[in-house]
Amino acid sequence: IFGPYPNFNWTPDSKSVVVWAQGKLWRVDMASGAHAQIPFSAEVSQNLTAPLRFAHTLDGDSFSPKMIRDVATSPDGKTLVFHAIGQLWKKALPGGAPVRLTGDAAHFEYQPSFSPDGRKLLYTTWSDVDQGAIRELELSSGQSKALTTEPGFYYGPRYANDGRRIVYSRQPGGQLTGSLWSNTTGVFVANADGSGAQKVADDGSDPQFSADGNRVFFLVGGGSLDKTLKSVGLHGEEARDVLKLKYPDFVTISPDGKSVAFSELFHAYVAPLPQTGGAIELSKDSDAVPVTKLSDGLGTYLHWSADSKTLHWMVGDKYFSRPIGGSADVGIAVGLAVASDAPGDVIAFSGGRVITMRDAEHSQEVIEDGVVVVRGHDIVAVGKRGDVAIPAGARVIDTTGKTIYPGVVDVHAHSAHFNTGVVPRQNWAYYADLAFGVTTVHDPSATTETVFTQSEMQKAGVLVGPRVFSTGTILYGADGDFKAVVDSLADARAHLARLKAVGAFSVKSYNQPRREQHQMINQAARELGMEVVEEGGSTFNFNIPMIIDGVTGVEHNIPIAPLYRDVVETWRQTDVRNTPTLIVNYGGIMGEYWWYGHDNVWENAKLAKFFPRETLDARSIRREIGPDWDYYHLEVSRQVKRLRDAGIHIQVGGHGQLQGLGTLWEIWMLTQGGMSNWQALRAATIDGADYIGYASQFGSLEVGKRADIVVVDGNPLENIRATADTAYVMANGRLFDANTMAEIGGKQRPAPTFFWQRHGSGNSFGQEAGPASDSD
């Protein structure tokens, strides 16, 4: 992607060309085409840096949420309202204990905004059944009422300064929620009671009123490098461009209308709001208005005080304030603690084949007619039936003829975390992963707010899903309004610190173009005890320095295959790992297409229960197919086996191509390159857990580890595709029927209902309706 490699050169006599191929140098006579090998060898000495690798521990009975979001400060500055774990909370500043704002357990709550007099609060809600709404809470009485009359996707409600009107935006739905009630989108102004809603713009986000209440500001082009802050009158008249923006990704106007605060490339700035009547370009380097830097390493949720004299923001679970012209405070800890999800069941899996992955480096332990006993979220016994006592009162799951192995750890799982906005309580992407035995995911590129919010909701038991870890938003070196500029060690430290503050223990360095930038990120990570996973972007000359400089692991395959002795000999002397993601391999046709070409994926009944039907059918029915020699993933897989044989640890990453089943494809493709079924299962379990620093917590069936367990019909040591025949899956001690994903015991949560089942898409593929019956 950065141009061709220098593959050839002329000899001085202009008669021959020297090329490299097949790991050797060749002289090609340009007159005859005859080629001859040029004998060549070199002794190379490299200084190898120890890779970044740290051990981590799961939370105990409780944890403190770090992804504190949707923050509002009361006009008198005495109360903080924020979102965490799906609900709104309030905290008396500075030292009050957080308490729930409402008692609503049926809806998720988002985006609070105080009325000018501080007596009321606007906020949005979401439920899978009711969809979204805007509600108003009277703070003195605790009474809440809906201001909207039809479902939809509502965002950013705010009052005018006189409290007589509100403004909000309506947005389309997404891949997790469906798009029912998405036809009407734009920016709306309504009376304070919600009546008389009128669209004032067809597109826009983050709306707010002007100081006099006669105009509405809003942002268009969010996520691009061509954004505009616009304003319109209360009936959509006199549309004006106010600010032209490239890198700024959020702007907020002061209540008095005199200033604008904005965030640009993870720093915050303040400038006067121009009153020229024409648009100006605003950035940290603007000459049109004086721009003052507010903070280094800004957090999120930048907002003004009611008197326009102070700005507030969050860094993880700490609340900061800075008077304009003054210095920031030291940060106030939110202090929220919530209980970790803790099942109370005692369950024994009895009679099956148990693949423990215990001491998998040195042995292949398989216990025939085995027993695994679970109490709460912990494994308390593993052994042969007759040698293990099953506690009185335990629920016994007969696994005769079945195989039990540890839950799959997908270390490169893009599990639908790029969306923004509301999330469903029943997340089909999470259910699909669990249904096929994936109990832990690590997402190395995700929207920070989305992934850590959902991770904490899963940890608290609010969402059903695999255990979720992530890097958050990548440290992107190419252009974009989210790029991470790393020109010094201080820059690297600031970027890693802001991500660690919201829950990351790893970061992804991606397309940082200079080697020194990689090294600065690695140094900052070493200081903070964080892993760094890097992606070469299909560039061989990026990958090799990553390995030499001690990155935790290389994501995706090395784009050149086959590999030769220089690469393998260097790599094997490090402990840098590789997640090949054969499903989306670099260098040729990707592995994903082999499975669409060879399997009738649309006929997989289990997948169809947990994956949107329209998307599944569109991707799998009309398919491309080629001969096996044309599928490059097969050669890449053979090279992955060569790395594995040299002692380089390999782990599984399904890349989110097809939630659940795609991760199993990744396991199966490892065997296509020559790995044994045992080695492929190890890559999917204990080696994945070890890669992300949790091998002491999960990844094998051992006493004291978390109860992440898969039960399948058949024997994957004989037929690796038996991993798709999941009968039961247990995640952190919660047991589910894998065919329906109803919870067995514990909370007795029923099988999920997803948006396409609730709404109906109206589309079917490959089916014809039968004759109508009298009852139709």
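First compute the accessible area of the chain with a 1.4 Å probe, then give the percent of it belonging to carbon and sulfur atoms. The C+S portion of the solvent-accessible surface of the chain is 49 percent. A P(r) calculated from all alpha carbon pairs of the range 398-508, with 10 Å bins opening at zero, reads 14, 41, 27, 14, 4, 1 percent. Estimated at 0.36 nm per residue, the fully extended path between K747 and E281 surpasses their Cα-Cα distance by 162.3 nm. Report, ordered by chain and residue number, the lysines lying within cross-link reach of K120, taken as a straight Cα distance under 19 Å and ignoring same-chain residues fewer than 8 apart. Output for K120: K78, K90, K91, K145. What does the charge add up to near D212, with Lys and Arg as +1, Asp and Glu as -1, over the other residues with Cβ less than 13 Å from its Cβ? Neighbour charge sum, excluding D212 itself: +2. Think of the chain as a dipole: +1 on every Lys or Arg Cβ, -1 on every Asp or Glu Cβ, centred on the Cα centre; then among S62, L664, F108, S62 lies furthest on the positive end. Working value for the range 1-101: equivalent-ellipsoid semi-axes of 70, 20, 12 Å, each the square root of 5 times a Cα gyration tensor eigenvalue, largest first. Taking each DSSP H run with n ≥ 4 as -39500 (n - 2.57) and averaging over every residue of the chain yields -5000 deg cm²/dmol at 222 nm. Summing charges over neighbours of P513, with a neighbour being any other residue whose Cβ is under 15 Å away from its Cβ, gives -4 when K and R count +1 and D and E count -1.
Centroid-to-centroid, using Cα positions, the range 445-521 and the range 686-724 are 27 Å apart.
In summary, the lysines within cross-link reach of K402, defined as a Cα separation below 20 angstrom excluding same-chain residues under 8 places away, comprise K384, K606. A cut-off under 15 angstrom between Cβ atoms defines the neighbours of V28, and their net charge, with Lys, Arg +1 and Asp, Glu -1, is +1. Of all aspartates and glutamates in the structure, those lying under 14 Å Cα to Cα from K705, and not within fewer than 8 positions of it along the same chain, are D59, D359, D378, D690. Rolling a 1.4 angstrom probe over the protein heavy atoms with all chains in place gives the chain an accessible area of 41 Å² per residue.
Packing here is the average count of other Cβ atoms within 10 Å per residue, and on that basis the peptides 99-105, 376-382, highest first, run 376-382, 99-105.
Residue ranges 328-338, 217-227, 247-257, 664-674 sort as 664-674, 247-257, 217-227, 328-338 when ordered by packing (mean number of other C-beta atoms within 10 Å per residue, highest first). One compactness figure for the chain is 1.02, namely its Cα radius of gyration divided by 2.2 N^0.38 Å.
Relative contact order of the chain, taken over Cα pairs closer than 8 Å and 6 or more residues apart, is 11 percent. Taking the Cα atoms only, what angle lies between the long axis of helix 489-501 and the longest principal axis of the chain, rounded to 10 degrees? Relative to the chain, helix 489-501 is tipped by roughly 80 degrees. Compute the helix-to-body angle for 632-645: its Cα long axis versus the longest principal axis of the chain, expressed 0 to 90° and rounded to tens. Computed tilt is about 70 degrees.
The values are calculated or read from the model by the stated rules, or taken from the named source; none is laboratory data. What you see is a predicted model, and the numbers here were worked out from it, not measured in a lab. Note that each Cβ is placed from the backbone with ideal geometry, even for glycine, and that neighbours are counted across all protein chains shown. The accessibility values were calculated without ligands, DNA or RNA, using every heavy atom of the protein model including side chains. Shrake-Rupley method; radii C 1.70, N 1.55, O 1.52, S 1.80 Å.
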